[in-house]
1. If a residue must be more than 10 Å from every other protein chain (Cβ to nearest Cβ) and in a loop (DSSP other than H, G, I, E, B), how many such residues does segment A:55-72 contain?
2. Taking only segment B:213-243 into account, find how many residues are touching a helix residue (DSSP H, G or I) at 6+ places or on another chain (Cβ under 6 Å), closer than 20 Å to residue B:59 by Cα and in a loop (DSSP other than H, G, I, E, B).
3. Can you tell me which residue among B:83, B:75 is at negative phi and assigned to a loop (DSSP other than H, G, I, E, B)?
4. Might you check whether a residue that is in a helix (DSSP H, G or I) and surrounded by fewer than 17 Cβ atoms within 10 Å (Cβ to Cβ) occurs anywhere in segment A:271-279?
5. Considering only residues that are surrounded by fewer than 22 Cβ atoms within 10 Å (Cβ to Cβ) and facing chain B (nearest Cβ under 10 Å), which ones fall in segment A:73-83?
6. What number goes with the only condition from (1) surrounded by 13 or more Cβ atoms within 10 Å (Cβ to Cβ); (2) within 22 Å of residue B:90 (Cα to Cα) that residue B:216 does not pass?
7. Looking only at segment B:1-45, count every residue that is assigned to a loop (DSSP other than H, G, I, E, B), in contact with a helix residue (DSSP H, G or I) (Cβ under 8 Å, 6 or more places away or on another chain) and surrounded by 18 or more Cβ atoms within 10 Å (Cβ to Cβ) and tell me the total.
8. In this structure, does residue B:147 turn out to be touching a strand residue (DSSP E or B) at 6+ places or on another chain (Cβ under 6 Å) and assigned by TED's automatic domain parsing to the domain that holds residue B:7?
C-alpha cells in the first residue's frame, strides 16, 4: 500500500502549498482521492502514469477538494485516453463537469462514468475481487464523505518447498491457494495447511476530510491500518473548529485512538501556521502513532 | 503599459509550462486576460495584488483559458474581498461559476458582475475616462473573442516653466490641461499652446487567442502598439492550423504586418516543440518586430 500526498493544505492553493489530493496504490489499483486545483500538474511532477488512474473519489464540492477535476478530465481527453474513468462524488458533480464539456464542445472520447452519492449512511461504492471501498459520512458545511479502502482476505500462499516435497501436480496449485486439500501424484491426501501459508494480512486506509469531530465514524473505521484525518487547526484556534466544521489535531488523535487505528496521518492544515511540528506534538499527547502529511511525501505501508 | 505573462502555452498545464493568462497594467487598471488552471498560484508567485484586479476578460470556454477562474473567484471570497469583480466572457460563463458556488454553498461576499458576450461583431464592452476595451471576434472551434485595450487621448501636459513665467493662477491648471486658454494674474489672455505640451501618446494592446488566420480582424487592430497573436504551430505543422482553428507563427506575423502593429508578441505555443526560437525566426521572415511570450516574462511598453 503506497500513498502519495499531492497536496494537504486547506482553503487555497499557494506558491508552495497545494490543496487536497492523494494517490493511493493498493491491490493493483491507483485511486485518486480528491483533486484540488493543479492536481494534474502535481501528478506530472511525481511522474504518476495518468492512465493507471481509473477511479477518482471526491469527498465534497468545496473548491480545494475538486477544482482540479475538470482540468484532469479534459487533459485525459487531450491525451486520447480510451480507458473508462469512474468518478465518485456528491450529487451535482456530473452537472458541473458536463456543463463545462458542453460549453467547450469537448466531450471525452473515453467513458466517463459518474457515481453520484447522496446517502448519509456508510455504503459500499466499489468492489472487485481484491478490494472494497466504502463511504464514511462526515459532518462538514456541505454534504461530505470520507472513503474507506479495504483489501479483501487474499488467497493462501504456497509453501513452495513443502508443495514440492509432497509431489503435488502443478494443476492443483490454484485449489491449494483457495484452501482445498488435494491428492499428491501417488494418490495420497495432502492436508491444505501442511503445504500452504496464511494469506498476507489485508490492509486498509481511511481518508477523512473535511469534518468536524464526529465519533459516529469510529465503528466504520475500526482498526483501520492507516487513518488520514483532517486537522485544520491547532489547540489555540480550537474555537474555530466547530464553527467552520473542521477538526483540531487533538480531535483527529481522539478519533484515531477510539478507532484503534494503526497509524494517524494528519493533514488539511490551515495555512495560517508557520510550521507543522505543533500539529504532531498536539496529536501525540492523545495518540502515539502519528505522522504528518506533507506535499510530495510518499508513504509505503 | 506593463504586461506580465503568467502562462503562454496551449492545451494542458505541465510542470514547467502554464496555460494562458496575462496581467495587463494600463491607465491605472490591472486587467486579467484569460485564466488557465493555476492562475491564482502564478499571481501569487509574481506578488500581484489580487485586489487590484477588478476586471477579468475570458476569450473562450476551453479549459486552458478559464479553468482557473472559479478558483480565483473562490479565493477572492476567502480573502474577504469587498471590491466588485467584473467578468467578461462568452455566454455560459455565469452558469458555470454560479453552479459551482451554489453546490459549494459558497456565495461571494463581493459583487460578482458577469458581462456575457454573444456578438460576432466587435463591440465596446468597457469604458471609463481613460480607456476603452473592445472585443475582437476570432475564428476558433467555439465562440471566441480577443480583446483590444485602447487608451484615450489624455489631458495636455503643463509646460511648468512656461506656466510659471506666464504668471497663471494655480486654479486654472485644470483648464489648461483640458486645452482651454486662460487669463494670467495681470489679466492678459494666455493661449493654451504656449504653456502646454501635447498629451502622452495613448497606447493600445490587442490580445488575439485562439484563432485561425483571420484577416477580418485587421481593421479592428489597425496600428495597435502591441499585438499578442497566438502562434500554436510552426510551418512544419501548418496543415494542423486550419484543422484545429489555430495559427502558425508566420500567420501571426502576416496579421501583424497587415495591421501595421508596433510589435508582435507570439504565444499559445504547442507543447510538442522543444524550444521557442523557431517561432520567432519564422515570424521574422514576414514581420520585423517580434518578441516571444514566455511564462513569467514582464514587458514594459
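1. Number satisfying all stated conditions: 2.
2. Number satisfying all stated conditions: 3.
3. B:83
4. yes
5. Hits for segment A:73-83 are A:77, A:78, A:79.
6. Here residue B:216 clears every test but (1).
7. Residues flagged as assigned to a loop (DSSP other than H, G, I, E, B), in contact with a helix residue (DSSP H, G or I) (Cβ under 8 Å, 6 or more places away or on another chain) and surrounded by 18 or more Cβ atoms within 10 Å (Cβ to Cβ) within segment B:1-45 amount to 11.
8. Here the answer is yes, as residue B:147 does meet what is asked.
The values are calculated or read from the model by the stated rules, or taken from the named source; none is laboratory data. The structure presented is a predicted model; accordingly, all values stated were derived computationally and were not measured. Cβ sites come from the backbone with ideal geometry, for glycine too, and all protein chains shown count toward neighbours.
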